[in-house]
Structure formats: structure tokens, C-alpha cells
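The values are calculated or read from the model by the stated rules, or taken from the named source; none is laboratory data. All values reported here derive from a predicted model rather than from experimental measurement. Glycine also receives a Cβ, built like all others from the backbone with ideal geometry; neighbour counts cover every protein chain displayed.
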Amino acid sequence: MNIVKNKKWFFLLSAIVIIPGVISLILFGLKFSIDFTGGSKLEFQISNFKSQTSNKNISEVLDSEKIKVHKIEKVSGDTFKVQTNPIEQDKKNEIVSELDKLGKITEKSFETVGPTIGRETQENAVKAVIVASIAITAYIAFAFRKVSNPVSSWKYGVCAIAALLHDLLIVVGIFSILGRFLNIEVDSLFITALLTVMGFSVHDTIVVFDRIRENLRKNFNLKFEEVVNNSLLETLNRSLNTSLTVVMVLFALLLFGGESIRWFVVALLIGIISGTYSSIFNASQLLVAWYEWDKKRKNN
Amino acid sequence: MRPKIFLLILFFVASILLFIDLPVPIKAFNLNLDPSRININLGPIHLKRESSYKLGLDLQGGARLIYQVDMKGVPLTEQNTAFESARTVIERRVNFFGVTEPSIQALKVGPDYRIIIELPGTTNIDQALNLIGRTAQLSFWEEGKDRIATEEAQLYPFGLTQVFENKPEKTKLTGKDLKTARVVFGSKDGTPQVQLNFTSSGTKLFADITKRNVGKPVAIVLDDIAISAPIVQQAILNGDAVISGSFTQDQAKALQIQLNAGALPAPLKLIGQATVGPSLGIESLKKSLLGGFLGFISLIVFMVALYKKEGVLAGVALSVYTIVVLFIFKFIPVTLTLAGIAGFILSIGMAVDANILIFERMREELRNNKPRNLAIKLGFSRAWPSIRDSNISSLITTFILFYFGSGPIRGFAIALAIGIIVSMFSAITVTRNLLKYFEGENI
């Protein structure tokens, strides 16, 4: 089996998944939750309530209280989640007592994020992603410092980061589409998922690169692309098995775990599947493509 | 160490840890073992510790309040003092509110001063908000003329009726008239004292009060609780008073902080809050634990199906891993949030990665016709660089998450980091000793 030679097809497949997401990202962006924008979130349960008229009645109450509503969502049967501009405790109590006229209300949770904190969370998220990328590149360049033939060590770092960007783009792109069509929001847990995916993606890529490093030392009469292909095949079982184990526990969490971490788990799942794909079918192939391109340039 | 001895010790330690991990006491026969209260006396070893899992607000229900301390009216040089005082005042109010294990955190974020309060178990926070959010009020009281009736006693700030025999009377002097308070040391004996500096209007008011009350106490009240009642030795006309007494340095410091809370009143602004009802928390906890348990079982089945005997050993290693991590969670203790539990469950999935790397390598060496014991040896030694490098990259991201994240994100990062570190031990050391035990020591 040769999974290096067919690299164009693998790149193409990645592109097919990434491009719609990127287009959606440019056109629609992401739907940010109140973690980033500031606002209030109230979750409550109504007993003795007719389900057909639900959302409309709630929105009427909120309108009469002159509150700017972002979203009203039915979490399950009789539980609703309402998101609004930031409101204070007194105002919330007023709303709850108004809603109480529709049926008996049990407050499940109430959260307000002031605009200052929202802005701060935004800044910290951006900083975290940037610092993580820099730290990881530096680490890979360090870990592979002894490998320089025939491809120099910093190029391993760049290829690992390219694979990582691939995974981030896929997750962010899919969440942009989910946000547009299913109103799924991006919150601070989503950023956590992104960073975890970064860690995992590089983790996977390093295992493959490690094998390339080892095989380069043993087989100096083989062509670079052959060494890379052998290394990929040798680590294929491990890559698939490891991601299967992680995917398995994540699926268990997705099916049985609670509502509040559902989309967090989905983001992790997408990222980890993408991370496995990119470490098998993208990262090393990119390394070979770069090597061939360099060689062609030198020969001319 | 010989594998047999290692495994015996491991088994012994793991059993103890497993017992400590249990969330509820065991009641069997006439035994009543409670893991939350450990009291061991073994010759010279005394270990007494109460431990239980620390659940975050999202799991046990409760309220989180984030206040910004408004420093507009406070001069720049005094801001740190004012911040410390605001924190102390809040602490006092929260303790007064009577919540078990409240947490109060003072944070300086750039130019902003914040105080984060967590009140586990409290969901009706209307009362807490009123009590905590107020700006500190400092007042000075002197003794009045009328006798006090018993039923009136509770109308006055707490502690005043112990100081005065007659009805206490509030003076016009307040925290606004106090410039600062600081700890100084007496010129004669070097004992700690608290020095008060009044503003010009305060100096006049204070002079009048001290003139009237020579030989009598003047009580200082913060938020309806008396904090000090020094006896006036002489009339003080220049606005520089010293409270002396048999203070320890800490006591003097505490008094200074309380006085400054009134002298440098910084209004509190609520900039964020979250309340989680207890039922929602328990529901989420149960669901995640069920998810985690099923994930764990399916992992073991998967490993056994894939690697047969070695898979069983990996399963043992994974169990040791789970026991150790839960113990660390309980012992430190790590505050468990929903995200943290997800991080822990994710780390279970990642923990077997090291085993998979080793076993795949072993198979590869076997395919290359290496003898079994050599293949096992090579499996460990050759898989090690990959295990090390890949785990370090994951650890880097957890540190960054911890540094930049707040609340739930930190919980996730800590859980994942602990998981990664423990997994390196369990997957390598534990599996290796098990293999040595079953395959002979020559590996």
C-alpha cells in the first residue's frame, strides 16, 4: 500500500471538508455565546404548561419586560433556556414571577456575564490559541533538532502545525455551519475543546514523525518517500487504535453524558477524528511534497 | 525491585487508595469503614485526614458572584490597601451568611480589581446579594445617658451592649472622616498599635468626641458589628489617634484592614453571576459518571479483544490508573466540574495510548522474528521516545489552558494534566512489571 504517492487525493479530500466550513466562516462567522459577548442565561422548568404555545408565550413575557432576547430554546419537554442582554438579579426575579403566571416555574440556573468579562474571555481565548501554537512549534523543533537529513528539523514543526491548523479549521468551520443552521453557539468550553484537539493532533503527528526519524537512521539507502510511507504503515495500527479508544469514550459521553457538555464533546470528537486523519494522510505527505519541491528547485 | 514485590506493594497500595476513593462509607457485617475520615496510628505513623470529593458549583449547585471593586474614589497608592480591606469585609459578610465552605478569591486583572465569591449550596441569592454587595460602613459610637432596656439590645450593632452600660449613641464621625489606618510600633516598648489619621472635618468631630469621653470607651462599628472599643485616655485634638492594647501583630493588622475598609470605601459592582440549582447539578453528575463508566468498560473490552493477554494487563494498568487519579482528585483536592470530569474521562481514553504504542511495537518486533522476551524489551524501549514526546505536547496545551482559562476550563486542564502524568506511570511501570511477572524476568 502506498499512502504517500496518492497524496494529492488526500489533500483534496481535506479541502472538500475544509472549504465549505471556511466559506461559512467568512459569510456567517461563528455564533458566540454570552461567555464572549456578555449577557444573561436563564434556564427553568415549567410544569402544567401547554407545549404548542410555549416559546411564543415566553417571548411575550420577556417583551413586556422590555428585555432584549437573543434566543429562546426548548432544552427538553418542559425545560427552557432563555438568553438575553445582561440583566440584574431584581429584573430576573421580576421575569420569573411574570413567567410563573404561565405555569409553575422552577429555576434551574441563571447566569450573567458582564461585558467586561466577556471581552476578557475573548482576549484570553485568542492569546491561548496563539501561545499554544508557538509553544508546540518550538517544542517540535526542539524534539527533532537532531534530524536534519534530508529534511531539516524546523520543517517537521511547520508540517505538524499545518496539520494542526487543518484540524482547527475543520472544527471551527463545522461549528460555523452548525451555528448558521442549528443555532449552535461557541462558548469557552469550545475553546477548551480546540486546545485539547491541538494537543491531541500534535501528539498523533509526533508519533508518526518519530518513526520517520528512527527509520531514516536505519535505512539510508531508501528514498525519502519510501521511508515515510513505511513509517506511516508501521504506525497505522497504533494511530487507528488510539483514536478508536478516545472516540469510544467520547461517544459514551455523548450518548450518556449530560446536555451541558454535549457540544463540547462533539467538538472534541470532530477534532480528534480530523487529527487522526491529518496525522496519517496530511502531515507526512506535506513533508514529502516539500522535499520534492525543494529537490526540483535545486535541479533546475 | 523484583516484579513480585512491586506487584504486591502495588496491590496493597491500590486497595487502600481504592477504599479512600469510595464516595460513601462501607457498612458490612459489624464493620463501619468511612473513607472520608481517615485516622491511622501505626507506631510512629499518624495519619489523620478528612477528605471528600470537592464538587464545583455546576455539580453541587450554588452561586458564583463576580464583583469589580470600583477604585475611582481611591488614590492610586492606597488601592492595594483598599482591595485587601474590601476582600476582608466581604469575607466577614460571607461568613456571617453561614454557608459551608465558601470560597473568596481576590484577583487583579490588568488594572481591574475583582473579587470572586462562590457559595456552594446557596441558590436563593437575593439575600446574599444584598448583604455582600453593600459598600462598607464604618461608624463611631459613644455611650448615651439613658439606661438600656433588655428588649432593645438587639436594635444596636452586634457587640455594643457589651461595651456600654447605657444606650449606645451613634456619633457623626464615619468612615469618610478617616483618612487611613496603619500599623505602627509603640516608641517605648515596640508593641504593635493601630494609628488613625483623620481628615480635617474628622479631626474636629473626633476632638469633640474624645473631649466628651475621657476615661470611657468609644466603639468602632463596621457593618453593624463592633470591631474595637478603645478607652479614650485623653482628648485628641490633632487628628492623630493611636489604638494601643495587648495586640499581636496579626491582630493589629486585622484591625487596620477593617478600619481601612471604612476609610477607603470602594463600591462593589456585580459584573457576573451564576446560579445553578442543585437538581441540575446532580443530574449532570450522574449522567457524566455513567458515560465515563461505560466508556471505561468498553475500553477494556476493546483492549482485550485487540491484544488478548496483554490487553488484560492493560486493563489492570487502566484500573490502577483510575484508582490513582481519583485518589489525587480527592487528596489535593481538585475541584471537580463537569468539564473536569470530561477531561478525566478523555484522559482514560488517552491513557491506553502508551499501552497501544508498546504492544504494537512488540508485535512488530515479533513479526521481524525477534524472540518473545527481546520483542517485549524492544517494545518498551523503542516506544518510549514517542510516548514521551507526544505526552509533553499534550501537557504543554494543558498548562496553557490552565494559565489563560478560568473556572471550568482550569478544572478541565488540571484533570487532563494529572491524567497524562499518571498514565505514563501506569501504562509503563505497571504494565512492565505485570509482563515481567508473567513472562519471566528476562525482559
Task: Single condition B:MET350 does not satisfy, out of (1) within 13 Å of another protein chain (Cβ to nearest Cβ); (2) of a type outside the set (S, T, N, Q); (3) over 11 Å from B:GLY419 (Cα atoms) - done: (3)
TODO: Restricting attention to segment A:80-102, report how many residues are outside any loop (DSSP other than H, G, I, E, B), under 36 Å from the mean Cα position of the chain (by Cα) and aliphatic (A, V, I, L, M).
DONE: 3
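Test B:ALA342 against the stated conditions and say whether it is more than 9 Å from chain A (Cβ to nearest Cβ) and buried (at least 24 other Cβ atoms within 10 Å of the Cβ).
No, not satisfied.
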Task: Flag if B:ALA314 is closer than 30 Å to A:SER188 by Cβ, in contact with a Ser or Thr (Cβ under 9 Å, 6 or more places away or on another chain) and in the same structural domain as B:ALA427 (by TED's automatic domain parsing) - done: no
Open item on the list: Among the residues in segment A:144-159, are any more than 12 Å from chain B (Cβ to nearest Cβ) and crowded, with 22+ Cβ neighbours inside 10 Å?
Closed with: yes
Open item on the list: So, in segment B:240-290, exactly how many residues are outside any helix (DSSP H, G or I), without any contact (Cβ under 8 Å) to a residue 60 or more places away in the chain and either farther than 30 Å from B:SER228 by Cβ or of a type in the set (Phe, Trp, Tyr) (or both)?
Closed with: 1
Task: Failed item, numbered, when A:GLY77 is tested on (1) surrounded by fewer than 19 Cβ atoms within 10 Å (Cβ to Cβ); (2) within 25 Å of the chain's Cα centre (by Cα); (3) within 14 Å of another protein chain (Cβ to nearest Cβ) - done: (2)
Open item on the list: Considering only segment B:356-366, I want to know if a residue exists there that is within 10 Å of chain A (Cβ to nearest Cβ), out of contact with any Lys or Arg (no Cβ under 6 Å at 6 or more places or on another chain), in a helix (DSSP H, G or I) and farther than 23 Å from A:VAL202 by Cβ.
Closed with: yes
Open item on the list: Could you check segment A:1-45 and list, in sequence order, the residues that are of a type in the set (A, V, I, L, M), surrounded by 13 or more Cβ atoms within 10 Å (Cβ to Cβ) and assigned to a loop (DSSP other than H, G, I, E, B)?
Closed with: A:ILE3, A:VAL4, A:LEU30
Open item on the list: Restricting to segment B:58-117, give me the number of residues that are out of contact with any Phe, Trp or Tyr (no Cβ under 9 Å at 6 or more places or on another chain), basic (Lys, Arg) and part of a strand (DSSP E or B).
Closed with: 1
TODO: Kindly indicate the residue of segment B:105-145 that is more than 10 Å from chain A (Cβ to nearest Cβ) and of a type in the set (Ser, Thr, Tyr) and also surrounded by the most Cβ atoms within 10 Å (Cβ to Cβ) among those meeting that condition.
DONE: B:TYR113
Open item on the list: Can you pull out every residue in segment B:380-412 that is buried (at least 21 other Cβ atoms within 10 Å of the Cβ), touching a Ser or Thr at 6+ places or on another chain (Cβ under 9 Å), at pLDDT 85 or above and more than 8 Å from chain A (Cβ to nearest Cβ)?
Closed with: none
- [ ] Kindly list the number of the only condition in (1) more than 14 Å from every other protein chain (Cβ to nearest Cβ); (2) at pLDDT 90 or above; (3) out of contact with any Asp or Glu (no Cβ under 7 Å at 6 or more places or on another chain) that fails for A:LEU222.
- [x] (2)
TODO: Output the residues belonging to segment A:222-239 that are without any contact (Cβ under 8 Å) to a residue 40 or more places away in the chain, closer than 30 Å to B:ALA351 by Cβ and surrounded by fewer than 23 Cβ atoms within 10 Å (Cβ to Cβ).
DONE: A:ASN230, A:GLU234, A:ASN237
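Only one residue in B:GLY277, B:GLY291 is within 16 Å of A:PHE256 (Cβ to Cβ), at the interface with chain A (Cβ under 7 Å from one of its Cβ atoms) and of a type in the set (Gly, Ala, Ser). Which one?
After ruling out the rest, the residue left standing is B:GLY291.
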TODO: Any chance you could count how many residues in segment B:63-83 are at pLDDT below 85 and either under 18 Å from the mean Cα position of the chain (by Cα) or crowded, with 18+ Cβ neighbours inside 10 Å (or both)?
DONE: 4
Open item on the list: For the structure I just gave you, tell me whether A:ALA162 is at the interface with chain B (Cβ under 10 Å from one of its Cβ atoms) and either outside any helix (DSSP H, G or I) or out of contact with any His (no Cβ under 6 Å at 6 or more places or on another chain) (or both).
Closed with: no
